[in-house]
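The values are calculated or read from the model by the stated rules, or taken from the named source; none is laboratory data. Remember, predicted model here, so these are calculated numbers, not experimental data. Here the Cβ positions follow ideal geometry from the backbone for every residue, glycine too, while neighbour counts run over all protein chains shown.
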Amino acid sequence: MMKMNSIRLPQPARSVLPAMTMPLTRTETLDSEALRQRLATDPHQAARILLDAAREGLVPAQTLLGQILLDGTGIERDPALARTWFRIAAEGGDAMARNMLGRCLEQGWGGEVDLTAAAREYHLAMASGLDWGYYNYAALLASGRGVEPDPAGAFQLYLKAAEMGHAKAMNFVGRFYDEGIGIAPSSEQARYWYQRSAEAGDFRGQFSHAAALADRGYLEEALRWLDKALAGGNLNFLRASRARLAQAPQPQIRALALPYHQRAAELGDDSDRRALADHVRNLLP
């Protein structure tokens, strides 16, 4: 499954369209209400449409085809072929395809890990003005993976992406201010960016915002944001957060460790179910 920055496929229309019997034209392929409906209701047919358009050289279709191949949406999952289509679309000038090629190279999706090449692709995506390019290159700078570590440079790129409206970058800007990474610490700025990230819909930002609220005694509001983070969080987030919640000084927040464990057990594997059982045993008198 894709992580962090999968391409947002078109959303279905609010009203349900009637079943279509006529094929879509080349012009209609990517932006029509009909394709959005097919992506939602008949992903196999949508995959065929995208495959035909990609073969015809339509660059946005090539990028979307790479995405559905990576996710296995309406088509057999094939990360290696996804990487190929991302590369083709990137060479055709699509910045998101270049970013996704970087993700494949960074994560080893469909081939070997090559962090130096990933950094190059992110840098090119960033040069095209793509917020995800700024975000992903910042992550490499922050960790020193594939590039020389540069916390101050990472902060500036996260800030650039955040100012472009990137919700995940907003949370990292908050964290860098919170911990004084690459910038002088500022609790006020940290809280500001955590709140912006939370309101923009990032579940990690929602958790960070909740923690800042709880520290200042706003428990009811903190609990509301923790519920939102629970609803939207992925498995890795749930695994990391459940332990933090279990150690919280406020009993109302500690109580949320149980639903976080339960949700992780639903999404995860036997280790998550064992963690849930252990947590429940620890709750017994």
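So which pairs qualify, if the first residue must be in region 97-112 and closer than 15 Å to Ala139 by Cα, the second must be buried (at least 21 other Cβ atoms within 10 Å of the Cβ) and among the polar types (S, T, N, Q), the Cβ gap must be under 8 Å, and the two must be at least 6 apart or on different chains?
Qualifying pairs under 8 Å: Asn99/Asn136; Met100/Thr63; Met100/Gln67; Gly102/Asn136; Arg103/Asn136; Glu106/Asn136.
What are the residues in region 245-285 that are in contact (Cβ under 8 Å) with a residue 24 or more places away in the chain and closer than 14 Å to Ala211 by Cα, if any?
Ala246, Ala248, Gln250, Gln252, Ile253, Leu256
Have a look at Leu124, Leu140 and point out the one that is assigned to a helix (DSSP H, G or I), farther than 21 Å from Asn171 by Cα and not assigned by TED's automatic domain parsing to the domain that holds Leu65.
Leu124
For (1) without any contact (Cβ under 8 Å) to a residue 12 or more places away in the chain; (2) under 24 Å from Arg196 (Cβ atoms); (3) within 17 Å of the chain's Cα centre (by Cα), each residue gets a yes or a no:
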| residue | (1), (2), (3) |
| --- | --- |
| Trp132 | no, yes, yes |
| Asn136 | no, yes, yes |
| Leu140 | no, yes, yes |
| Arg145 | no, no, no |
| Pro151 | no, yes, no |
| Ala161 | no, yes, yes |
| Asn171 | no, yes, yes |
| Gly182 | no, yes, no |
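Only one of these is of a type outside the set (A, V, I, L, M) and buried (at least 17 other Cβ atoms within 10 Å of the Cβ): Gln189, Gln195. Name it.
After applying the criteria, what remains is Gln195.
So is Arg224 surrounded by fewer than 18 Cβ atoms within 10 Å (Cβ to Cβ) and over 26 Å from Ser143 (Cβ atoms) or not?
Considered against the rule, which asks whether it is surrounded by fewer than 18 Cβ atoms within 10 Å (Cβ to Cβ) and over 26 Å from Ser143 (Cβ atoms), Arg224 comes out as yes.
Can you tell me how many residues in region 261-285 are within 15 Å of Leu230 (Cα to Cα) and among the hydrophobic types (A, V, I, L, M, F, W, C)?
3
Of the residues Ile88, Ile68, only one is aliphatic (A, V, I, L, M), modelled with pLDDT of 95 or more and either closer than 19 Å to Trp132 by Cα or assigned to a helix (DSSP H, G or I) (or both); which?
Ile88
Are there any pairs, at least 6 apart or on different chains, whose C-beta atoms fall under 8 Å, with the first in region 69-88 and surrounded by 19 or more Cβ atoms within 10 Å (Cβ to Cβ) and the second hydroxyl-bearing (Ser, Thr, Tyr) and outside any loop (DSSP other than H, G, I, E, B), and if so, which?
Going by the 8 Å Cβ cut-off, the qualifying pairs are Trp85/Thr63; Phe86/Thr63.
In region 50-58, is there at least one residue being crowded, with 24+ Cβ neighbours inside 10 Å and either among the charged types (D, E, K, R) or touching a residue at least 12 places away in the same chain (Cβ under 8 Å) (or both)?
yes
Which residues, taken from region 132-178, are among the aromatic types (Phe, Trp, Tyr) and either surrounded by fewer than 24 Cβ atoms within 10 Å (Cβ to Cβ) or modelled with pLDDT under 95 (or both)?
Within region 132-178, just Phe155 meets the criteria.
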